[in-house]
Amino acid sequence: MKINYRLVRSPAPAWFSAIIPLLAIVVTFLITSVFIIIAGANPFEAYYYFLISPLTSKIGILEVLVKSTPLILTGAAVTIAFASGYWNIGAEGQLYAGAVAAAWLGTTLIGVPQPAAILIMLLGGFIAGMLWALIPAILKVKLSVDEVVTTLLMNYVALFFVSALLNGPWRDPVSNWPQSPDILASTMMPKLFPPSRLHFGFIVGVLAVVTIWFILSRTGLGMRMRSVGMGQEAARFMGVKIGRTMFITALISGGIAGLAGVTEVAGIHFHLIDAISPGYGYTGIIAATLGNLNPFGSMAASLFLGLISTGSQAVSRSLGVPTFLGDVVQATLLLVTLAMFLLRNYTLRKVE
Amino acid sequence: MDAVQMVGITKQFGPLIANNKVDFELKKGEVHALLGENGAGKTTLMRVLYGLYKPDSGEIRVNEKPVQIYSPKDAIANGIGMVSQHFTLVPTLTVAENVVLGFNPGMRLNPNLVNKFVDDAAKKFGIEIKSSTLVRHLSVGERQRVEILKALYRNISVLIMDEPTAVLVPQEVDVLFATLNRLRESGLSVIFISHKLNEVMTISDRITVLRDGKCIGTVNKNDTNERALARMMVGRDTFGVQRDSEPCSGKPLLKVQNVSAMDKKGLLALKDVSLEVCEGEILGVAGVSGNGQAELAGVLSGTLKPETGNILLGELDLIGLDPQSISKAGVGRIPEDRHTGVVGDMTVAENLALERLDDFLKKGILDRKKIKDHAEAMIKEYQIKATPSIQTRKLSGGNMQKVILARALYTQPRMIIAAQPTRGLDIGATEYVRNKLIEQRDRGAAVLLISEDLEEVRSLSDRIAVIYEGRIVGILNCNEATDEVLGLMMSGAKEVVNEN
Amino acid sequence: MEIILFIQNLLAATLRVATPLMFGTMGELFAERSGVLNLGIEGTMFLGAFVGFTVASFTGSLWLGVLAALFAGGLAGLLMSFFAVRLGVNQHVSGLGITLLLVSLSLFFFRIIFGENQLPPKIEPFPQMTFLEGVPFLGPILAQYALTYIAILLVPLVWWILFRTNFGLDIRAVGENPEAADAAGVNVYRTRHIALAIGGGLMAVGGAFLTLAQLGSFTFGIIAGRGWVCIALIIFANWQPQRVLWGALLFGGIFALQLRLQTTGLKLPYEAFLALPYIVTIIALAITGRKATGPAAVLKPYKRE
């Protein structure tokens, strides 16, 4: 007696939907095993270094949190944007704007006590990020210009702007390297558990996630944002002002991405450099998508991506595999997860 | 010889029997009209013939040989073509490109060859169209003729036209009929689906009437008249309460004055519409779908801006107001398509609160208890089979409509606009919605009911307006509005001039 | 005399800079005309640059490098098509994901193959074709790479494919109204798959041009956002092959101009000039973006009822 199964278009059972992320991780690692083998290493060893090794020591775990900090922020920024239907791909540029603000404020807040200084840094970074998001937002709301391309292009303008600063007026006079002068000690983020690098920025990240969650699920503004993202036509019928809502979303998103820039300057590097972000803005998009546009899901995804990031350095050190493998894994995970989310719409049914 | 025979066709969709053992035959070289109201089963029958639906039982014969038609490709192979109400044309391509799309042999697309062929075919059938024109620049009538050319290019001998005049102005109708006559002369057979009596009487040789899925009969044009056809189309006993109330005993609350509006395609869909709705009455707007009802609802809801005219609610002019302001002015709106009236992925409670969100906020923060309590109260009052936290798209059609009702009515609006409120609902939900509307009327609200269901309009309304091709062709008191008169008005055959 | 030299130089550089933009934009044109926004363009160009360079390095043949890039780009296009057309997932996110994947894969394999050197490996790039050198005034301008000539020839070629073949007709129909095309018997999925594959191949060749002709080496910043400029260029060109050339030349001209402006002593940091093309692109979008209507079916995955 043969029982056939058919894939039927009907919502999948809840237990299945819950394990989809796990399935995606497994499939991702299967696929990336191929690359690991090509690089001449053993996949199982590699996964050990990727996922387990960083978690085996306290220092390792704290380092994962360090690496996750900017991702938590950019992930949150992208989450609130995407949840409202605003495709903010410009988190990278907005991050740099915040970093510039932090680097500048960090050298000018002389005499300001540390708690106030840090607060001002964060505020300044938020505003800078908001300003960087302003032009694409206005173009979208007033002229209906697609925000995907404009936010992307602004990323490159930001990079050039930073480069101009670092090679020009902000070049370190002492070493002559393209890095800004060090910020004041009073503006540096305090370390949470010395000697680990983990700094106050992590707390900022968590607070940002909680704030996003609060806005989206507990405020009128957030409800309007979600309605625009989930059903623009119905939202319009019910009287929601679409343009205004998107505009506010774009600015908040930019501001939070700007905070990521502040945490990197004030928490890790203590000055501005060209390479302050190896693509955190884009990885934030991965985090938001993996987290299914849920603030806490996005945070969990950011932590996981931070783990992979940390692990990739361990993999490189121990097995000689290029660190880019970490980026490959993250990108593969994104695509696999995208595909697997579709499975939420199907169930297996028994067919006689 | 019969070009096409359909014998004993039955087609069921769940509990709805769309075609009930229908027999239909088409003689070669005739224009045969398929007449009936909305939901009579005409389109279903033809979709079976064209291979879009598979009948549950019955047989199709082409040139007296039984055939299996499982897809439009099969239909075309058997020489049957269909021009449906929704044109399948690509606006940015030329006429010729649209005609040959998917049916041009080889790799190359030689515009000269293709244009010449299409021009020749057009000339042969007297269709005035230039093959190199972009479809985007064509009028609706011209686009329809491109659809006919498409079918002719595929060598069909039977042409089905589904409500072809629904989108045409009178002059274009004349051109279409001339074209159909020429097609008939060259040996083609035409099936003409319609609900418009005068046109059917003009163009057809024979007429088959369907009602509630059954074939009522087939007559020769010369043996019948519009009155008789109307009776066949609509003829059922009127049930529902005969209202004795005085027409418009309250004050006029809503005054629509000379409103004209365009539809999404840029055509004039409302032409100088004027009507009034009094407090404490239900004004029903009857008409076959596609005659401007959607645009009327849109204009009154604030989602469509009219070209001319005024809409006064008491002293307030509603024109130019956004949906939220109209709602706050005391207008409860029930949209035509409930799926774009709620945000499906949001919960029932959220959808109930969203329209008047400010009432549920405390300094910008959601008062979740208030939202939940409100939702529970609405669920109880409107008997919605749902919990506050369930996603709205998971609700049945009837319950979704109840959510929309609750949202529209809980603020005790003085004006209610209800567009197709019971479309697609089961009997229980339908009864519920109708009773709610009567309740509101008795409360003193002014209710404008737009519905394609004639029975519904008749049993609920105090006065009935009939809309045809974007114009109000008459407003009657309920005791004057017999089925016959309404049928004639809805088909454009009669107009009642009021002193209102 | 100085002015003439400057103009000749500028025009020649314009053509050079416009070449990868031409390939990239034409590639994206195939995708968007068929109804898919392919944000994988940046990654595909990067992949093309890498594959072209690597294959040329190992085989000694530059043209084999170009061919390999073409092939790799085709596969990249099919990958995008798998997600956007077959699965029907969100095109913004899948496109970005593919860009991230292709870039990181290219970097990964570059490290593995070429190891970690201080100096980037070099190859002998394409020579410029100087057979027209003798022509007065135009001579130096026409001394371009073969790929540049090919890029210009793309205009009539792509136009012919789109407007004079049945396949092109299918693409245009599918990008505007897939329901109508489906009803007419066109295979919507297959048409889009092929269009994306062709597009991906073109994009990759655009990337290969940079490593094989212009630079002769592969650096991490080789594409530097040109893919996104192509996306903007399509809007600017109103999705017409002829106008793509003018758009590419205009932006190529600005790129080329800014390099020359740097030496004129204008007291702006050179990054301001580098940023200029991107800023101009944003302004161009602001001006044209509003009225720009692309193929109506872009971003909407097609599912048959």
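Only the coordinates and a few stated rules stand behind these numbers; no lab work does. Note that the structure is predicted; figures quoted are calculated from it, not measured. Using ideal geometry, Cβ is built from the backbone for each residue, glycine included, and neighbour counts are taken over all protein chains shown.
At-a-glance table
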read-out	value
Computed magnitude of the charge dipole of the stretch A:64-292 (debye, nearest 20; Cβ of K, R +1, Cβ of D, E -1)	640
Candidates A:ILE286, A:ILE308, A:ILE203, ranked by Gaussian network fluctuation over chain A, Cα under 10 Å, top entry	A:ILE203
Computed label-point distance, nm, for sites B:GLU495 and A:LEU207 using a 7 Å Cα→Cβ extension	7.2
Cβ-defined net charge surrounding B:LYS402, 11 Å radius [Lys, Arg +1; Asp, Glu -1]	+3
Spatially close lysines, pair count over the stretch B:343-410: Cα under 28 Å, gap of eight or more or interchain	22
Per-peptide average of other Cβ atoms within 10 Å, ordering B:320-326, B:285-291, A:101-107 highest first	A:101-107, B:285-291, B:320-326
Order by protection proxy (mean Cβ within 10 Å, highest first), peptides C:242-248, A:325-331	A:325-331, C:242-248
Under 13 Å from B:LYS124, Cα to Cα: aspartates and glutamates that are on another chain or at least 8 residues apart	B:GLU185
Average beta carbon contacts from partner chains per residue of A:238-248, 10 Å cutoff	3
Under the span-like rule (Cα at least 27 Å along the axis, Kyte-Doolittle mean at least 0.0), DSSP H helices of chain C	C:2-33, C:62-81, C:91-114, C:188-209, C:241-261, C:270-288
Anchor B:LYS271: lysines whose Cα lies under 24 Å away (excluding residues fewer than 8 positions away in-chain)	B:LYS196, B:LYS255, B:LYS305, B:LYS494
Likely footprinting exposure, B:LYS28, B:LYS42, B:LYS362, fewest C-beta neighbours within 10 Å first	B:LYS362, B:LYS28, B:LYS42
Shielding by partners - mean other protein chain Cβ count within 10 Å, residues of B:94-103	4
Among A:GLY205, A:SER180, A:PRO190 the positive-end extreme of the charge dipole of the stretch A:160-240 (Cβ point charges)	A:GLY205
Sequence of A:LEU293, C:LEU10 once ranked by neighbouring C-beta atoms within 10 Å, starting from the fewest	C:LEU10, A:LEU293
Antiparallel bridges, percent of DSSP beta bridges restricted to the stretch B:2-234 (to nearest 5)	55
About the Cα centre, charge dipole magnitude for the stretch B:343-410 (Lys/Arg +1, Asp/Glu -1 at Cβ), debye	160
Among A:ILE212, A:ILE38, A:ILE20: highest mean-square fluctuation, GNM of chain A, C-alpha pairs under 10 Å	A:ILE38
Test item: C:161-172 mean partner chain Cβ contacts at 10 Å	4
Chain B - share of DSSP beta bridges that are antiparallel (%, nearest 5)	55
Anisotropy class of chain A from Cα gyration tensor, a/c 1.5 cut	oblate
Beta bridges by DSSP in the protein assembly as shown, antiparallel share as percent, to the nearest 5	60
Prolate/oblate/rounded call for the protein assembly as shown, Cα gyration tensor, a/c under 1.5 rounded	prolate
Kyte-Doolittle mean at least 0.0, axial Cα span of 15 Å or more - DSSP H helices of chain B	B:397-409
For B:CYS215, B:CYS278, C:CYS230, order by how many other beta-carbon atoms lie within 10 Å, fewest first	B:CYS278, B:CYS215, C:CYS230
Dipole magnitude of chain C about its Cα centre (Cβ charges: Lys, Arg +1; Asp, Glu -1), debye to nearest 20	400
